[in-house]
Amino acid sequence: MRIERLVAMANDIATFFECETDRAAGARAVAAHLRRFWDPRMRREILAHLGRGGAGLSALAREALSRLASD
């Protein structure tokens, strides 16, 4: 899958969870969604993209992916 599409999808999910008043809870929710619904190849690709600087990722998406990487 094209990385641009994965970035857009991750940002869309993060946008949905922006309504969380607790930022850490929002990041956990995004990470949980990615863990639960994304194929392992998709997660590997987006995490590799984050490792290369994560161009285009929103702040909440970056935080969620950092959490996902550390799990």
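The values are calculated or read from the model by the stated rules, or taken from the named source; none is laboratory data. Treat the numbers as computed from the prediction; the structure is a model and nothing was measured.
Taking the condition over 10 Å from the mean Cα position of the chain (by Cα) and on the phi < 0 side of the Ramachandran plot, does ALA55 pass? Considered against the rule, which asks whether it is over 10 Å from the mean Cα position of the chain (by Cα) and on the phi < 0 side of the Ramachandran plot, ALA55 comes out as yes. Residues in segment 19-57 that are modelled with pLDDT of 95 or more and of a type in the set (Asp, Glu): ASP22, ASP39, GLU45.
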